[in-house]
Amino acid sequence: MLISLNEIKKLVPEAAKVETSELVKLIGSRLVEVEGTIDLAPKYAGIKIVKVVECEAIPETHLHLCKIDAGEKDLIQVVCGAPNVHAGMLAVWIAPGCIVPETYGGENFKLSVRPLRGFDSHGMLAAADELALGEDHDGIVEIDPDFAKPGDSFAEKFELNDIILDIENKSLTHRPDTFGIIGFAREVAGILGVKFDEPSLDFGGLLVSQNLTAEEFAKHVTDSERVSITVEDEKLCPRYSAAVFAVSAADMENALDKHTYFTKDAVFLAKAGMRSISKIVDATNITMLMTGQPLHAFDYDKFKAVGGGGEPKIVVRAARSGEKLKLLDDSEIELNETDIVICSNDIPVALAGAMGGESTEIDGDTKKVILESATFSLYNLRKTQMSHGIFSEAITRFTKGQPVAGVVPALARCASMLLSSPDKIVDFEISGKDADPNEVTISVEEINSLLGTDYDKDLIVTTLANVGFKNKSSEQHLATTGASSRVAPVTTGRGEASCEEELVFEAPSWRTDIHIKEDVIEEVGRLLGYDNIKLDFPTRHFIGAEKNPLLELKSRLRDLLSGRFAAHELLTYSFVSKKLQENVGEKTDDSYEIINSISPELQCFRQSLIPSLLEKVRDNEKAGYHNFAVYELNQVSKKSFGKDADGVPVLKNHLAFVITGDYYAAKTVLVELLSELGIKNPEIAKYSGDSAYFEALHSASIAGIALGEIKASVAKRLKISSPVSAFELDLDELLHAIPPVSATVSKISKFPSVERDLTIKVGNDIEFSACIEPILSIFKAKKLIVSIEPTSIYQSEKDTKNISFHLRFSSLDKTLENAEISDIMNEISVQVGKSLKAQVI
């Protein structure tokens with residue numbers, strides 16, 4: 001997004017007092033990243049407005065020999081090939097030594113005195129494209145003689161001594177108000193700590209500002225005709241307004257003739273990266289750039305004719321599958337059910353929020369205009385944008401969610417550029433209603449406590465008032481005779497209770513993102529500068545947070561799966577396509593569909609993790625890998641899970657594991673994994689219920705576990721060639737099934753330890769574990785620290801076997817002497833003999 005710094009300074013005079021580099025830094029730290037600045041002044045240095053005094057055709061060429069008045073003593077000779085050059089006109093002259101703006105920053109083509117057909121040409125007379133201010137090359141730029149005089153600086157007269165801010169607007173997605181120069185300037189005023197004076201226009205006695213209401217506008221309109229508006233679904237179009245007015249033949253000739261005078265409006269559009277098209281279209285685009293609210297103009301008579309004649313009926317509805325529409329760019333599109341269309345009666349004439357239709361295009365024969373200003377569902381328009389590949393300035397703004405309060409002010413502002421007074425409007429109609437203002441109640445202490453600041457009430461109120469917030473608490477206080485302001489107990493950062501006056505802020509109508517206390521706190525911190533907050537430690541008491549059992553479980557699972565089982569952890573999108581769900585056999589009607597999906601292939605929130613992993617199995621097979629395991633820890637949801645107390649879909653935490661191999665490959669991992677978690681010998685049985693993608697669904701004795709081999713039909717549809725098995729489990733249910741672990745603490749000896757190897761000859765019927773107890777009993781009796789490590793089992797005879805151990809032991813009180821060590825080993829021999837009828841060898 002390109003923003004003119006000159007336009008900002010017009011609306012915020014204080015901005016002119018700040019160095020550009022400092023202002024850019026402030027905007028970058030408190031509003032949005034400025035990707036770069038473009039200084040236009042050097043690009044147009046030395047370029048002048050001149051008068052063509054003499055103009056004679058050069059025989060046998062298309063060229064003209066011109067003498068121009070550049071405000072200097074003598075006339076200057078220039079050869080020009082433009083068909084519209086003529087004596088008496090004002091043109092733009094690029095003098096020798098100047099760079100042609102079209103080449104600035106690239107080729108940097110510098111003009112000089114050059115002979116053409118035997119005549120020296122001193123520079124050139126420029127067309128709009130050569131000035132990098134349009135695409136027109138059919139003729140040179142002609143300037144209104146009432147606007148300038150020979151010798152004037154082109155840059156000064158057309159405000160090209162300007163700096164353009166290149167804004168990275170992705171971080172402003174929640175701020176549609178800042179997609180207009182007025183809204184952006186308002187934020188700059190807030191950042192500079194000055195009150196923003198909302199701009200207003202005198203439209204034939206009607207004061208047009210951002211606060212203009214539909215009722216006030218309607219009072220000034222001549223209601224002599226009737227256009228009806230029907231919005232079939234207000235969710236698709238919360239607010240729709242239209243104004244009808246006549247235009248004269250002279251207006252239309254002036255509007256559509258490419259060779260009329262070059263205007264500041266054309267330069268204004270060019271600085272924003274747009275081109276001048278016609279007077280009416282330019283008015284809609286300039287209004288959009290100023291307010292952030294897109295508009296569209298229809299030819300009234302064409303609109304009426306498409307609908308069959310009679311009273312024009314504007315119908316806003318969802319498109320029907322299979323309908324087609326030819327757009328202004330001559331392309332024909334097939335509509336889908338998520339598109340919104342503007343219809344004449346029931347015939348689509350425009351793709352709402354995106355582009356008008358060819359059938360109602362403004363042209364030289366237009367006598368009457370329907371001017372539209374509306375808001376549409378940002379979710380539907382995002383889908384329209386993606387499905388039809390339309391990325392215009394208008395739809396970019398609509399997909400940010402335009403506030404309904406901006407519809408009428410933008411309509412009136414645009415009309416004021418085309419008409420002398422509002423009584424020229426013969427009909428004004430509007431559908432929908434204004435949104436209720438958002439109010440947030442908060443205290444000074446709450447703001448300071450969260451930000452770590454000590455701002456006083458006056459500073460907070462003034463900072464927010466600068467950008468349009470109203471302090472309703474002061475109004476309530478004044479309206480309540482003899483009553484004091486409302487107070488509420490607040491916990492301070494030091495854990496103390498205090499009474500603090502509550503502030504009630506009403507968010508301005510264009511701030512649709514303000515809903516809760518934290519939104520107001522963020523505004524205060526942002527406008528006053530987070531970088532101005534002192535780097536002090538918080539004064540509140542810190543209490544160590546308890547470990548989150550679920551996070552601990554996830555960490556443990558990662559260690560086991562990535563370590564012991566050599567599986568690879570993946571992180572896939574939480575959104576999947578309906579096609580994938582259908583391929584694996586899931587019920588798509590049980591999925592939550594994402595309204596503003598980032599891609600047509602990611603329109604549903606997934607019901608389970610396994611389908612996403614199966615797609616990655618296919619990708620890995622294509623890459624040449626055929627023996628591997630993958631897993632993912634993530635959330636899933638579906639309609640059958642229900643909703644929580646706040647009406648939000650229930651999310652469940654799942655683990656999914658997929659391995660190349662048959663059912664037993666996945667079962668082995670599952671059983672060993674559960675065993676490591678303390679769940680021994682889980683019962684796994686075939687499940688009789690429906691299975692989406694398993695050949696034979698198995699479930700464990702722990703609820704929430706599904707296990708099986710992937711169906712061959714599913715694998716075929718996903719183009720997986722190897723046998724694949726998988727399991728998926730609910731982590732919350734698994735967490736409750738894991739038995740508690742009691743932690744034990746052992747003392748560590750500071751004395752040297754002793755190591756000995758021990759081999760016992762026992763009968764074949766003696767189990768390995770039975771040999772450890774008699775050995776341990778000796779060490780326990782002597783209160784020694786010991787570790788016993790089994791090393792081998794060897795069977796050389798039919799009835800006996802040799803079991804070997806490695807012993808490591810020490811005393812907590814002293815260093816063990818040789819005699820004591822010998823006694824311990826002898827006692828072990830005796831104890832083993834008694835208990836096991838075994839022999840130490």
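Extension gain, Asp590 to Asp454: 0.36 nm times the residue separation minus the Cα-Cα distance gives 43.9 nm.
A simple spin-label model places pseudo-atoms 7 Å from Cα toward Cβ; at Glu755 and Ile785 they are separated by 1.6 nm.
The simple Förster model, with R0 at 60 Å and r as the Cβ-Cβ distance, assigns Ser675 and Lys578 a FRET efficiency of 0.95.
Stretching the chain fully between Glu232 and Glu168 yields a gain of 19.4 nm (0.36 nm per residue, less the alpha carbon separation).
Packing, as the average of other Cβ atoms within 10 Å across residues, places the peptides 787-794, 559-566 in the order 559-566, 787-794, highest first. Per-atom-type breakdown for the stretch 295-443 gives carbon and sulfur 45% of the accessible area (1.4 Å probe, protein chains only). Toward the positive end of the charge dipole of the stretch 679-827, with +1 on the Cβ of Lys and Arg and -1 on the Cβ of Asp and Glu, the farthest Cα among Tyr794, Ser691, Leu718 is that of Leu718.
Of the residues Asn285, Ala666, Ser753, the one whose Cα sits farthest towards the positive end of the charge dipole of the chain is Ser753 (charges of +1 on Lys and Arg Cβ, -1 on Asp and Glu Cβ, taken about the Cα centre).
At a probe radius of 1.4 angstrom, the accessible area of the chain per residue rounds to 49 square angstrom. Distance between the 7 Å Cα→Cβ label points at Thr20 and Asp732: 5.7 nm. For the stretch 53-101, the relative contact order is 31 percent, taking Cα pairs closer than 8 Å that sit 6 or more residues apart in sequence and dividing their mean separation by the residue count. When each of the peptides 751-761, 655-665, 639-649 is scored by how many other beta carbons lie within 10 Å of its residues on average, the order from highest to lowest is 655-665, 751-761, 639-649.
A simple charge model with +1 on the Cβ of Lys and Arg, -1 on the Cβ of Asp and Glu and nothing else charged puts the dipole of the stretch 566-618 at about 140 debye relative to its Cα centre. For the stretch 583-735, the gyration tensor built on C-alpha atoms gives an oblate shape. Its axis ratio a/c (a ≥ b ≥ c) is at least 1.5, and a/b is not larger than b/c.
For Lys837 and Arg558, a Förster radius of 51 Å and the Cβ-Cβ distance give a FRET efficiency of 0.60, rounded to the nearest 0.05. Toward the positive end of the charge dipole of the chain, with +1 on the Cβ of Lys and Arg and -1 on the Cβ of Asp and Glu, the farthest Cα among Pro508, Phe641, His137 is that of Phe641. With the helix formula -39500 (n - 2.57) applied to DSSP H stretches of n ≥ 4, the chain reaches a computed 222 nm mean residue ellipticity of -8000 deg cm²/dmol.
Going through [x] 236; [y] 161; [z] 300, the figure that equals volume of the Cα convex hull per residue in Å³ as computed for the structure here is [z]. Taking the 1.4 Å solvent-accessible surface of the stretch 189-243 as the whole, the part contributed by carbon and sulfur is 45%. Helix 407-418 axis versus longest C-alpha principal axis of the chain: approximately 30°, rounded to the nearest ten. Can you give me the angle between helix 610-622 and the longest principal axis of the chain, using Cα atoms only, in degrees from 0 to 90, rounded to the nearest 10? Value to nearest ten degrees: 90. Placing +1 on the Cβ of every Lys and Arg and -1 on the Cβ of every Asp and Glu, with no other charges, gives the chain a dipole of roughly 3020 debye about its Cα centre. Subtracting the Cα-Cα distance of Gln77 and Glu501 from their residue separation scaled by 0.36 nm leaves 145.0 nm.
Under the simplified labelling scheme, the Lys219-Val650 pair shows an inter-label distance of 5.6 nm, with each label point 7 Å from Cα along Cα→Cβ.
Peptide packing: for 711-723, 506-518, the average count of neighbouring Cβ atoms within 10 Å per residue gives the ranking 506-518, 711-723, highest mean first.
Please determine, in degrees from 0 to 90 and to the nearest 10, the orientation of helix 818-836 with respect to the longest principal axis defined by the Cα atoms of the chain, where the helix direction is its Cα long axis. In the chain, helix 818-836 runs at an angle near 80 degrees to the longest axis. Per atom type, the stretch 757-841 shows carbon and sulfur on 48% of its accessible surface, probed at 1.4 Å. Note the direction-averaged projected area, equal to a quarter of the hull surface, for the Cα convex hull of the stretch 64-204, in nm². That works out to 13.4 nm², a quarter of the Cα hull's surface.
The values are calculated or read from the model by the stated rules, or taken from the named source; none is laboratory data. The shown structure was predicted, so the numbers you read here are calculated from the model rather than taken from an experiment. Every residue, glycine among them, receives a Cβ derived from its backbone with ideal geometry; neighbour counts consider all protein chains shown. What goes into the accessible areas is simple: the full protein's heavy atoms, side chains included, and nothing from ligands, DNA or RNA. Shrake-Rupley method; radii C 1.70, N 1.55, O 1.52, S 1.80 Å.
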